[in-house]
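Okay, so here's the structure we're looking at.
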Amino acid sequence: MRKLIYIVNTSLDGYIDGPGGAFDWTTVGPEFSAFSEGLTDETDILLYGRVVYGWMSSYWPTADQEEGAHPHDVAYAPKWRARPKVVVSDTLTEVPDDTRIIRGASLEADLTALKHEEGGHILLTGGNALASTLVGLGLVDEIVMVVHPVVLTGGTPLLSGVKDRLRLGLLESRTCDDTVIISRYAPAAP
């Protein structure tokens with residue numbers, strides 16, 4: 001059975017974006033880039049909510065072709081293009097051939113079916129609403145939190161839509177590039 005993994009960048013004060021949705025504060029060094037690429041190599045499906053999908057689909061198709069592209073972009077963009085995507089949306093009507101839309105009404109059943117298929121992980125990147133919903137449904141097998149050394153003082157709090165207390169067990173914690181801390185958690189048994 002596949003694992004559904006939620007990876008999210010967060011500030012030291014627990015925000016996943018800054019005031020006004022700003023996302024200009026993350027730091028990607030070679031160690032964090034290698035971690036991200038390795039996790040993607042274990043992944044068969046990239047999962048997004050509508051908003052994050054919009055950002056990703058406007059950036060990653062050509063990110064490695066920009067003059068002076070960051071080394072992470074050069075390494076990650078081909079991996080992004082090579083993987084099928086799933087976007088959860090009740091409003092999108094058209095997506096490229098490598099992308100499937102799941103509607104909210106069938107979210108739990110469709111993602112449960114995807115998890116029961118053979119293959120690599122399903123990787124949910126960023127966002128709050130979809131992640132909170134999936135955590136609440138018990139569909140997230142692992143949370144990978146990447147803490148950056150910045151205090152944003154506002155924005156969208158991490159997992160702010162989760163309604164019930166969730167106990168987690170630490171699987172791993174490491175520092176990358178003397179800058180970010182990556183912690184991997186799994187829901188703890190009740």
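Annotations
- When residues of the stretch 67-104 are limited to those that are more than 13 Å from residue 57 (Cα to Cα) and of a type in the set (S, T, N, Q), the one nearest to the chain's Cα centre (by Cα): 89
- Number of residues in the stretch 171-190 that are among the aliphatic types (A, V, I, L, M) and out of contact with any strand residue (DSSP E or B) (no Cβ under 6 Å at 6 or more places or on another chain): the value is 1.
- Extreme residue, surrounded by the fewest Cβ atoms within 10 Å (Cβ to Cβ), among residues of the stretch 1-20 that are outside any strand (DSSP E or B) and touching a Ser or Thr at 6+ places or on another chain (Cβ under 8 Å): 19
- Evaluated against (1) over 29 Å from residue 107 (Cβ atoms); (2) assigned to a strand (DSSP E or B); (3) among the polar types (S, T, N, Q), residue 183 falls short on exactly one condition, (1).
- Test for residue 104: is it modelled with pLDDT under 90, more than 26 Å from residue 180 (Cα to Cα) and of a type outside the set (S, T, N, Q): yes
- When restricted to residues that are without any contact (Cβ under 8 Å) to a residue 40 or more places away in the chain and touching a Phe, Trp or Tyr at 6+ places or on another chain (Cβ under 6 Å), the stretch 140-169 contains 1.
- Selection of the stretch 138-190 for residues being of a type in the set (S, T, N, Q) and under 16 Å from the mean Cα position of the chain (by Cα) yields 156, 160, 183.
- The set of residues from the stretch 105-132 being of a type in the set (S, T, N, Q) and under 14 Å from the mean Cα position of the chain (by Cα) comprises 125, 128, 132.
- Of the helices (runs of 4 or more DSSP H) lying entirely inside the stretch 22-105, those containing at least 2 residues that are open to solvent by 60 Å² or more (accessible area, probe 1.4 Å) and of a type in the set (A, V, I, L, M, F, W, C) span 50-59, 71-82.
- Beta carbons closer than 6 Å, at least 6 apart along the sequence or on distinct chains, pair a first residue in the stretch 57-70 that is among the hydrophobic types (A, V, I, L, M, F, W, C) with a second that is outside any loop (DSSP other than H, G, I, E, B) and surrounded by 13 or more Cβ atoms within 10 Å (Cβ to Cβ) for 60/77; 60/80; 63/73; 63/77.
- Of all residues in the stretch 134-180, those satisfying the criterion of being within 23 Å of residue 1 (Cα to Cα) and part of a strand (DSSP E or B) are 142, 143, 144, 145, 168, 169, 170, 171, 172.
The values are calculated or read from the model by the stated rules, or taken from the named source; none is laboratory data. Since we're looking at a predicted model, the values are computed, not measured. As a convention, Cβ positions derive from the backbone with ideal geometry for all residues, glycine included, and neighbour counts pool all protein chains shown. To get the accessible areas, we keep the full protein, side chains included, count just its heavy atoms, and leave off ligands, DNA and RNA. Shrake-Rupley method; radii C 1.70, N 1.55, O 1.52, S 1.80 Å.
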